[in-house]
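The values are calculated or read from the model by the stated rules, or taken from the named source; none is laboratory data. From a predicted model like this one, the values you see are computed outputs, not experimental measurements. Here the Cβ positions follow ideal geometry from the backbone for every residue, glycine too, while neighbour counts run over all protein chains shown.
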Amino acid sequence: MKKDQINALLAPSSIAIIGASATPGKIGYTVIKNLLDSKYSGNIYPVNPKDDEIQGLKNYKTLAEIPGEVEAAVIVVPAKFVSDVIDECGKKGIKGLIIITSGFSEVGDKALELEIVSKAHSYGMRILGPNIVGTLTNSTKLNASFAPYLPLPGKASLITQSGALLIAIDAISYTRGVGFEKLISIGNMSDVDFADLITWLDDDPNTSCISLYVEGFKDGRRFIEAVQKTNKPVIALKSGVSAHGAAAAASHTGSLAGSGKVYDAAFMQAGALRASDLNNLFDRTLALSLQPTMKGDNMLVLTNGGGVGVLATDAAEKYGVPLKFAPEDVQVELKKHMPDFGSAKNPVDMTGMAGTDWYYKTTLFSYGHKWVDGLVVLYCETAQTNPEEIAKSIRKAVDESGVKGKPITVSFVGGERSDKAMRWLVEQGVPAYNAPDLAVNAMAALREFHLLREMVGHKPRGTNLLDDKIARTIIAKARKEGRGALTEIESKQVFEAYGLPTAKTILSTTEEEAVSQAKKIGFPVVMKIVSPDILHKSDAGGVKVNIKDEAGVREAYNTILANALKYKATANIHGIAIQEMAPWGTETIIGSVNDATFGPTVMFGLGGIFVEVLKDVTFRVAPISESQAVKMLGEIRGAPILAGARGEAPRDRKALADVLSKYAAMIHELGDEIAETDANPVLVYEEGKGLKVVDARIILKTK
Ligand code: COA
């Protein structure tokens, strides 16, 4: 991506509007009006075959007539004319195409969309859209859109897949007092996508925070990489829970992956914060665009009201930044600025007696104290106090503390006077909210972002490249035989090649072989049918466990064979696997899917009922770092079972995290071949005793 191509789209020095119109109400009229109203300083060239003048500007009958260079074109002609217009743009040497026109892939016409992209690329042009509202920038006073006006100025830039939402956010920016530098409509993302824009915005001196409204990505990995490389906070509101892939899933893992959990994982791995809803997107955007991150765990809450203090305490726990009592020295100092019946613990309740001076002194001290990593100041409007004065005292204290790089958020709970004071605070760079839980949520976002970025720095685990030769030979053999899946034995061989511990399993093709192999492995053993035509072995009566002696092996051998042939008379039977009977441990499942958007994705959960009924699983886009693997183990609801619930010894989580990261590396490396996998169950033993994959399944990609 060349930077100047995105410059042409987001910061053009001149713009042609193709489909400009003198008729009020037409989009081609509105775009010209918006460019004039916003006082865009670059050259504006209306292009329309009929007119001589449009809204006081000279109109050009064709693009070619425009003297000199034109950097960008806004296209507002009907879809059927767009392709020809692109030729004209290419010949004119335009660099960026802002295509507002609808009627492409969003209505099923993918071919037309592909045509315009390849045509644009052939001239070295890039496309924003089609099917967009346009793009708006405060610093260059550019409203190249049909949204009504430039948003309230601010430091956040927003990219949205919904044009209607852009128009709504534009208006809400004023009522909510959350300012934006840019609003960018991305539409069908036929060419320029989230990753391109995020990369550009990372270098934009006028943008301090990047907010997203996301419906879906085309290439999820590009998004992850772009966000990981960004220094600025990225915050995403994701709508729509996709079930892609789930219906056709051949593995257990595949059927669990369609629930939006892969998107959750991807945002986390990218280091992008989430917003829970549109209001939360505004709240978090405000905090992230104005304040530094919270580097440690200690959040202090100052308040003049017990009630809002308790609400803040509840919110702190809910949003993952639970309050701790302030240390003794902090309490002693704060006690000086409250009546006897106040509390200096945390929340620090100065009581309704608190006036401007106490707010000033407690803020000055707390904000400056090294124990405090983030300060939340709450205020309930009282008859004795003036919200504007309180606001000023808070700002003054922060300035005079001389402290930099520490976040503060504020909540004033009251009427119009409080609202006015908060608007002033926001203008002064202090995020202010009308409810205590919102101020705490904003602070939690600043903490969460810090932690997410730390995690992003951890390198994903790779594999020993020699390993894939064994796997690829096994896969090639299966493909040659026309199979879409590996047998259990083959799957285990692949796992073993990547250093995953599997229960010892040997194939036998005769009863005698079965007996001698069972003796070699040692009794008791498990016996299972091995047939590419029988994936669900138990359903076919193809599994016998706890076989204790030679007679048992002989009997099981014949019963399993008979059952298998009864289940499917034409089944191609490779033989019967003799497997060591692994001692029972905590049942877990590791699996993977090759997600349509994000590619190879690993899953972990507790096995049995936990996965079957509760779907208690978590995902990551592969590969993953070992610290991500550790985090996954802690994420499932059943995590206490691994930690050793009800007096049981803790399970070997270290070995489990190691295996999980190796598994992720394996599916990533074999991403071109493997569609889905299951290691189920994976039995996990006590600390130091490791784990064992008891059953394995690998489904190949269709090629
Ligand atoms: N070069 C220059 N001008 C051209 C042209 C060409 N090759 N072909 C047509 N025009 C002119 C027309 O003469 C007309 O000007 P006029 O008003 O003076 O007659 C103007 O371009 C617009 O064409 P028109 O046929 O009147 O279309 P329209 O204005 O009704 O609709 C769109 C055009 C692009 C707005 C419409 O097709 C569309 O896509 N609307 C949806 C936009 C949208 O919602 N985007 C997504 C938001 S999320």
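I'd like the residue in the range 382-417 that is part of a loop (DSSP other than H, G, I, E, B) and hydrophobic (A, V, I, L, M, F, W, C) and, out of all such residues, is surrounded by the fewest Cβ atoms within 10 Å (Cβ to Cβ).
It comes out as A383.
Just so you know, in the range 309-334 the residues that are outside any helix (DSSP H, G or I) and in contact (Cβ under 8 Å) with a residue 24 or more places away in the chain include one that is nearest to V348 (Cα to Cα), and it is A326.
For the range 96-111, the criterion of a residue being in contact with a Cys (Cβ under 7 Å, 6 or more places away or on another chain), within 11 Å of the ligand (Cβ to nearest atom) and farther than 19 Å from S145 by Cα is satisfied by no position.
Yes or no, residue by residue, for (1) among the polar types (S, T, N, Q); (2) part of a helix (DSSP H, G or I):
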position: R472; (1), (2): no, yes
position: Q493; (1), (2): yes, yes
position: L500; (1), (2): no, no
position: E512; (1), (2): no, yes
position: Q517; (1), (2): yes, yes
position: F523; (1), (2): no, no
position: V526; (1), (2): no, no
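Determine whether I27 is closer than 17 Å to I75 by Cβ and either more than 9 Å from the ligand (Cβ to nearest atom) or at pLDDT below 95 (or both). Reasoning before the result, please.
Working: closer than 17 Å to I75 by Cβ: yes; either more than 9 Å from the ligand (Cβ to nearest atom) or at pLDDT below 95 (or both): no.
Here the answer is no, as I27 does not meet what is asked.
Within the range 317-342, can you find the residues that are in contact with a helix residue (DSSP H, G or I) (Cβ under 9 Å, 6 or more places away or on another chain) and closer than 23 Å to Y360 by Cβ? Steps first, please.
First, pick out the residues of the range 317-342 that are in contact with a helix residue (DSSP H, G or I) (Cβ under 9 Å, 6 or more places away or on another chain): 318-323, 325-326, 330, 333-334, 336-338, 342.
Of everything in the range 317-342, those that are in contact with a helix residue (DSSP H, G or I) (Cβ under 9 Å, 6 or more places away or on another chain) and closer than 23 Å to Y360 by Cβ turn out to be L323, A326, V330, E333, L334, K336, H337, M338, G342.
Scan the range 74-85 and give yes if some residue there is under 18 Å from A144 (Cα atoms) and surrounded by fewer than 15 Cβ atoms within 10 Å (Cβ to Cβ), otherwise no. Looking through the range 74-85, at least one residue is under 18 Å from A144 (Cα atoms) and surrounded by fewer than 15 Cβ atoms within 10 Å (Cβ to Cβ). Picking from residues in the range 192-223 that are β-branched (V, I, T) and closer than 24 Å to H121 by Cβ, the one that is nearest to the chain's Cα centre (by Cα) is I198. Taken over the range 1-24, residues that are within 9 Å of the ligand (Cβ to nearest atom) and surrounded by fewer than 21 Cβ atoms within 10 Å (Cβ to Cβ) amount to 2. One residue alone among E88, E69, E113, E106 is of a type outside the set (A, V, I, L, M, F, W, C), in contact with a Leu (Cβ under 6 Å, 6 or more places away or on another chain) and within 21 Å of I127 (Cβ to Cβ), and that residue is E88. Looking at (1) assigned to a helix (DSSP H, G or I); (2) without any contact (Cβ under 8 Å) to a residue 40 or more places away in the chain; (3) of a type outside the set (D, E), find the lone condition where L281 falls short. Result: L281 passes all but (2). Residues in the range 155-172 that are buried (at least 24 other Cβ atoms within 10 Å of the Cβ), more than 13 Å from the ligand (Cβ to nearest atom) and not hydrophobic (A, V, I, L, M, F, W, C): S157 alone. When K548, K568 are checked against the criterion of being in contact with a Phe, Trp or Tyr (Cβ under 9 Å, 6 or more places away or on another chain), without any contact (Cβ under 8 Å) to a residue 40 or more places away in the chain and of a type outside the set (D, E), a single residue qualifies: K548.
Remark: pairs (first residue in the range 127-138, without any contact (Cβ under 8 Å) to a residue 12 or more places away in the chain and closer than 13 Å to D193 by Cα; second residue near the ligand (Cβ under 8 Å from one of its atoms) and aromatic (F, W, Y); Cβ separation under 8 Å; 6+ apart in sequence or on different chains) are absent. Among the residues here, A622 qualifies as under 17 Å from H668 (Cβ atoms) and either buried (at least 19 other Cβ atoms within 10 Å of the Cβ) or in contact with a Ser or Thr (Cβ under 6 Å, 6 or more places away or on another chain) (or both).
With within 15 Å of D695 (Cβ to Cβ), under 43 Å from the mean Cα position of the chain (by Cα) and among the charged types (D, E, K, R) as the only criterion, which of K544, K477, K528 stands out?
K528
Report whether or not A421 is touching a residue at least 40 places away in the same chain (Cβ under 8 Å), small (G, A, S) and crowded, with 18+ Cβ neighbours inside 10 Å. Reasoning before the result, please.
Details: touching a residue at least 40 places away in the same chain (Cβ under 8 Å): no; small (G, A, S): yes; crowded, with 18+ Cβ neighbours inside 10 Å: yes.
No, not satisfied.
When residues in the range 672-685 are screened for being surrounded by fewer than 22 Cβ atoms within 10 Å (Cβ to Cβ) and modelled with pLDDT under 95, 0 of them pass. Checked against (1) within 27 Å of E427 (Cβ to Cβ); (2) part of a helix (DSSP H, G or I); (3) more than 14 Å from the ligand (Cβ to nearest atom); (4) among the charged types (D, E, K, R), D196 meets all criteria but (1).
Filter the range 121-154 for residues that are surrounded by fewer than 18 Cβ atoms within 10 Å (Cβ to Cβ) and either within 16 Å of the ligand (Cβ to nearest atom) or closer than 19 Å to F217 by Cα (or both) and give the result. Of everything in the range 121-154, just one residue is surrounded by fewer than 18 Cβ atoms within 10 Å (Cβ to Cβ) and either within 16 Å of the ligand (Cβ to nearest atom) or closer than 19 Å to F217 by Cα (or both), namely P148. Checked against (1) of a type in the set (S, T, Y); (2) surrounded by 16 or more Cβ atoms within 10 Å (Cβ to Cβ); (3) modelled with pLDDT under 95, T601 meets all criteria but (3).
Within the range 591-603, is there a residue that is over 30 Å from K218 (Cα atoms) and not in a loop (DSSP other than H, G, I, E, B)? No, that holds for no residue. If we scan the range 349-360, do we find a residue that is acidic (D, E), under 17 Å from G309 (Cα atoms), in contact (Cβ under 8 Å) with a residue 24 or more places away in the chain and not in a helix (DSSP H, G or I)? Yes: one or more hits. Considering each residue of the range 33-65, count those that are away from the ligand (no atom under 11 Å from the Cβ) and farther than 17 Å from V85 by Cα, and give that number. Matching residues across the range 33-65 total 18. Selection of the range 69-91 for residues being away from the ligand (no atom under 11 Å from the Cβ) and more than 33 Å from the chain's Cα centre (by Cα) yields E69, V70, E71, G90, K91.
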